[in-house]
Amino acid sequence: MANLTVTIGNESFDNPIWVASGTFGYGTEAPELVDVNQLGAIVTKSITRQPREGNPPPRIVESPSGMINSIGLANIGVEKYIKELLPIYEGLSTKIIMNIAGIDIQEYVEIMEMVESVSSVIAGYEINISCPNVKKGGMEFGVDCEMTAKLTEKLRGITERLIIMKLSPNVSDIVSIGLSAEKAGADAVSAINTVVGMSINAKTEMSDIYTTYGGLSGPAIKPIGLAAVHKLYKKLGIPIIGIGGIVTGEDAAEYMLAGATAVQVGTANFRHPGITENIIDSLNTLLNDSNRSFSSELIGKVRTHS
Ligand SMILES: Cc1cc2nc3c(=O)[nH]c(=O)nc-3n(C[C@H](O)[C@H](O)[C@H](O)COP(=O)(O)O)c2cc1C
């Protein structure tokens, strides 16, 4: 068995296979379907200051090699997260990364201050600055270097835990946003969130999603995610967490070769909630077959033609 341990900032993770925000609930929903303790980390659903109902249905549709969602950050709100979930996380041996979303800097700050004011085992925060499905906030930060830097800097002043800024692919230059996050003190960036997409029913002549546009995820976006990770890896000095269309151990290895230190599995969890166990096993096999002792040996090792 290869050593799959990865280190990000001052945290060490048993393996680089994590589950992505919004695709695994709060990590406590289906203990009979998957042993969460075998995961490198659980990134929990985006949490806002107040509970949110999200967007009206229909808010999910299948698309070729993927799905489009417009959930709109439905979540239980930070107070319930602190009261009901943090105590459960004390009993897990996997690391918890809390994903936070907000409509302005104040909301992100308030949520983080509330969590920091209580004792908890969470390893860090993933900051969602890339949600395409809400009218205010979210992606407004992720498309603007200055706003990204301002938010990162503010949050850096509140916590010593990991700060991972989650980047959007819906920008002209993802690297400049990543560099802004790095300069302002982020420990890592994760990429990518969903890609803006649309689905139309030719028979009814209707858009399938209530909000017209939604976020495309699944294997359809893997090439976009790989390119984003590779571009970020070439310019940034902090770790990159790869996301987008991962279904197999080979997909995970491809992201690591592109430059990812760890990866997150999203949409694939809906088809098979225990898929991460297969991914960890097949990553191990792949490493053994190539005589590698550490998964970290893959990071950034892709060979390119030019
Ligand atoms: C139904 C659904 C809900 C999601 N909710 C969130 C969320 O609350 N916060 C967030 O940062 N990303 C959210 N995402 C984005 C995923 O975390 C991930 O970045 C994206 O789906 C790409 O990975 P995948 O192709 O493996 O699904 C959501 C994705 C889906 C499909």
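Since every read-out is calculated from the coordinates, none of them should be taken as a lab result. Only a predicted model underlies this, so the values are computations on that prediction, with no experimental measurement involved. Note: ideal-geometry Cβ built from the backbone for every residue, glycine included; neighbour counts use all protein chains shown.
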message: Show me the ranking of peptides 274-285, 27-38 by mean Cβ neighbours inside 10 Å, starting with the highest.
response: 274-285, 27-38
statement: For segment 265-306, whose charge dipole is built from +1 on Lys and Arg Cβ atoms and -1 on Asp and Glu Cβ atoms, the candidate among Leu287, Asn269, His305 with its Cα farthest towards the positive end is His305
- request: Sorted from largest down, give the three principal axis spans of the alpha carbons of segment 47-154, whole angstrom values.
  value: 42, 33, 24
- prompt: Once you charge only the Cβ atoms, +1 for Lys and Arg and -1 for Asp and Glu, what is the size of the charge dipole of the chain about its Cα centre, to the nearest 20 debye?
  reply: 600 debye
statement: Between Met198 and Glu160, the FRET efficiency computed from the C-beta separation at R0 = 35 Å comes out, to the nearest 0.05, as 0.25
Burial ranking of peptide ranges 115-123, 209-217 (average Cβ count within 10 Å, highest at the top): 209-217, 115-123
- prompt: Once Lys and Arg get +1 and Asp and Glu get -1 on their Cβ, which of Gly249, Gly259, Ser176 lies farthest toward the positive end of the dipole of segment 172-262?
  reply: Ser176
- request: Would you calculate, for the chain, the mean residue ellipticity at 222 nm contributed by helices, counting each DSSP H stretch of 4 or more residues as -39,500 (n - 2.57) and dividing by all residues, to the nearest 500?
  value: -8000 deg cm²/dmol
